[in-house]
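The values are calculated or read from the model by the stated rules, or taken from the named source; none is laboratory data. Everything quoted here is computed from the prediction, not taken from an experiment. Glycine also receives a Cβ, built like all others from the backbone with ideal geometry; neighbour counts cover every protein chain displayed. Side chains are part of the model used for accessible areas, which takes the heavy atoms of the whole protein and leaves out ligands, DNA and RNA. Shrake-Rupley method; radii C 1.70, N 1.55, O 1.52, S 1.80 Å.
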Amino acid sequence: MKKTIIALSALMLAAPVFAATTHATDKTVAEAHKGADTAKEKLHKAQDVPVLSRS
């Protein structure tokens with residue numbers, strides 16, 4: 001029983017550390033979206049380039 005209480009106490013103390021490292025900040029999310037938008041724009045530009053066919 002004592003070991004269980006110690007283990008649960010350690011888990012409760014460590015929980016905020018895990019939460020702080022797994023949640024992204026608003027700034028991080030905004031930068032990721034910006035990077036994704038840039039990648040989408042590059043992809044669309046590459047798809048719009050006419051391909052010269054070899055005959």
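Cross-link partners of Lys42 among lysines, defined as those whose alpha carbon lies under 20 angstrom from its own and excluding same-chain residues fewer than eight positions apart: Lys34. Which net charge results for the neighbourhood of Ser9, defined as the other residues with beta-carbon distances under 11 angstrom from its beta-carbon, given Lys and Arg at +1 and Asp and Glu at -1? Result for the neighbourhood of Ser9: +2. Exposure check, 1.4 Å probe, all protein chains in place: Asp26 carries approximately 130 Å² of accessible surface.
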